[in-house]
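Below is one structure, written out as C-alpha cells, with a few remarks after it.
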Amino acid sequence: MSTYFPKQGEIVRKWFVVDASGQTLGRLASQVARILMGKENPQYTPFLDTGDHVVVINAEKVKITGMKTEQKVYHHYTGYPGGLRSEGLDKRVARKPELVIEQAVLRMLPKNKLGRHMFSKLQVYKGDKHPHAAQKPEALVLA
C-alpha cells in the first residue's frame, strides 16, 4: 500500500472572495491561513501547497477587539544603528489597512519557502472592488 500524493498538475485551485467588514481580525486571519495552506481541502498534504487563492475585500472595516488599537505596536528594524521604527495599530489601519491583514495571515503560515508561496496566493484590498473578476471567485462566508 502506498500513500497517494497529488502531483503539481493535479492540484485544482479555486478562488474565494472574503468580505472582512465586521469580521474580527484574528479569526479572519486564521481561517484565511487555513484556506491558503489547503487544510480545508481533502487532498491536503503538509509538505505540498494544495491551498486555494483568497481575495479579501473591505480591509478597512475589519473589527479589532479589546485595547489593541491603543496598545498593539508593530516594530520594523531598518538595519541601521538606531533604525528601530515603531507604529501603533491605529495609525497603521489609518495609513494602510491591507498591511494589517496581510501581516496577521503571514504570521500564521509556515516560516519557510512553502509559506512564502502560500502567502503569494493572498490579495487584500481596501474597498469592495478587486481586479480578479476574470477568475470567477466564489463568495466565502466565514463563521
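The values are calculated or read from the model by the stated rules, or taken from the named source; none is laboratory data. What you see is a predicted model; the values in this text were computed from it and never measured. Backbone-built Cβ (ideal geometry, glycine too); neighbour counts: all protein chains shown.
Of the residues Lys136, Lys96, the single one that is of a type in the set (D, E, K, R) and touching a strand residue (DSSP E or B) at 6+ places or on another chain (Cβ under 8 Å) is Lys136.
When Val54, Val141, Val124 are checked against the criterion of being in contact with a Leu (Cβ under 7 Å, 6 or more places away or on another chain) and among the β-branched types (Val, Ile, Thr), Val54 stands alone in meeting it. Scanning the range 8-23 for residues that are at pLDDT below 95 and either assigned to a strand (DSSP E or B) or among the polar types (S, T, N, Q) (or both) turns up at least one hit. With respect to being polar (S, T, N, Q), modelled with pLDDT under 95 and not in a strand (DSSP E or B), Thr65 falls outside the description.
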